[in-house]
């Protein structure tokens, strides 16, 4: 059985740095955040790739454990991006001839092209969860791209309405999530960063699609929102979300928000009544590693708005694009900062 969670349990958003011997980081960055498959980023040839990915996953798991993180992931080590691994595994997508859409930064983006009904025909991330569960006694979280973000990251040439596409993505997610729970996932997280960039469209169908993806799913569920990887969006992040109070209408138990780098006014947490908040307290755009005291101050700021029972300290976003030593140092500061506050409040 996984360890019981303390008050103010710490977690990661999802990704952890992939080793340089596994991934060509220069090639990965050249692709920005890939939406289609990019096998050229892997340094290890195909006959040995799965074993190498397993070995790198063990490294990520052990780093999170050594840092003192309570709820860990597999580091998303086997993925080229947070979203393309799952989205491109579904039926109805022409993987040979991708399409192009305007991305969240306003620039053209190469994306999967939808040419038929989207369906899940095989398990996608179940091995990832089972492998992680077999190699740790911590609680395990698995992340999936949300239905709205996958819809915006696709060229729809089949459905009459993007909302219909989102609902089929949601059905595919729901089937996958049921298998992920059976494989040992304690926490399920849907990554939905594109709601922030397209709030009007999100208001039309995002919450409905998220709820369809999470229908009938027991245990802790999370929706993650952010302004983009710090490595890709390094400055001029908004100081507030264009789509946040609406998430109180989701069935997800937790909402994950980026707060440290954009210096978010935490009063907005009151817009999420009844939700636990995964609060970003690590600025991934800052090269310096936060001290535990700085992390503790950021957690205390959250406690001025929400009770400790409704806060989960975390990084702002995934750590995929950070140097590994920096990522580990920041996670250790996260765990130690949470321990400081936990001691203060008797948790």
(request) Under a 10 Å cutoff between Cα atoms, tell me which one of 130, 267, 87 has the largest fluctuation in the Gaussian network model of the chain. (result) 267
(request) Please order 322, 306 by the number of other Cβ within 10 Å, starting at the fewest. (result) 306, 322
(message) Place a point 7 Å from Cα of residue 40 in the direction of its Cβ. Which residues in segment 95-115 have their backbone N less than 15 Å from it?
(response) 98, 110
(message) For the chain, give me the percentage of DSSP beta bridges that are antiparallel, rounded to the nearest 5 percent.
(response) 20
(request) Kindly put 161, 179 in sequence by how many other C-beta atoms sit within 10 Å of each C-beta, fewest to most. (result) 161, 179
(request) Pick out which of 159, 241, 16 has the largest mean-square fluctuation in a Gaussian network model of the chain, springs linking Cα atoms closer than 10 Å. (result) 159
(message) Please state the shape class of segment 274-338: rounded when a/c is under 1.5, otherwise prolate if a/b exceeds b/c and oblate if not, all from the C-alpha gyration tensor.
(response) prolate
(request) With springs connecting C-alpha atoms under 10 Å apart, model the chain as a Gaussian network and identify which of 56, 134, 252 has the largest mean-square fluctuation. (result) 134
(message) Taking 25 Å as R0, compute the FRET efficiency from the Cβ-Cβ separation of residue 343 and residue 301 and round it to 0.05.
(response) 0.90
(request) With a point put 7 Å past each Cα toward its Cβ, work out how far residue 134 is from residue 30 in nm, to one decimal. (result) 3.6
(request) Mind jotting down the distance between the C-alpha centroids of segment 290-347 and segment 80-99, whole Å? (result) 34
(message) Can you tell me how segment 1-145 classifies by the Cα gyration tensor, rounded, prolate or oblate, using a/c under 1.5 as the rounded cut?
(response) prolate
(request) Fewest Cβ neighbours within 10 Å first, please rank 74, 325, 271, 171 accordingly. (result) 325, 271, 171, 74
(message) Restricting the calculation to Cα positions, tell me the Rg (one decimal) and the Dmax (whole number) of segment 121-214 in Å.
(response) 14.3, 46
(message) Show log10 I(q)/I(0) for the chain at q = 0.11, 0.15 Å⁻¹, two decimals, from a solvent-free Debye sum over equal Cα scatterers.
(response) -0.67, -1.35
(request) Enter the Cα centre distance for the pair segment 103-124 and segment 125-176, rounded to the nearest angstrom. (result) 11
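Computed from the coordinates by the stated procedures, all read-outs in this text should not be read as laboratory data. The model shown is predicted, which means the values in this text are computed figures rather than measured ones. Cβ sites come from the backbone with ideal geometry, for glycine too, and all protein chains shown count toward neighbours.
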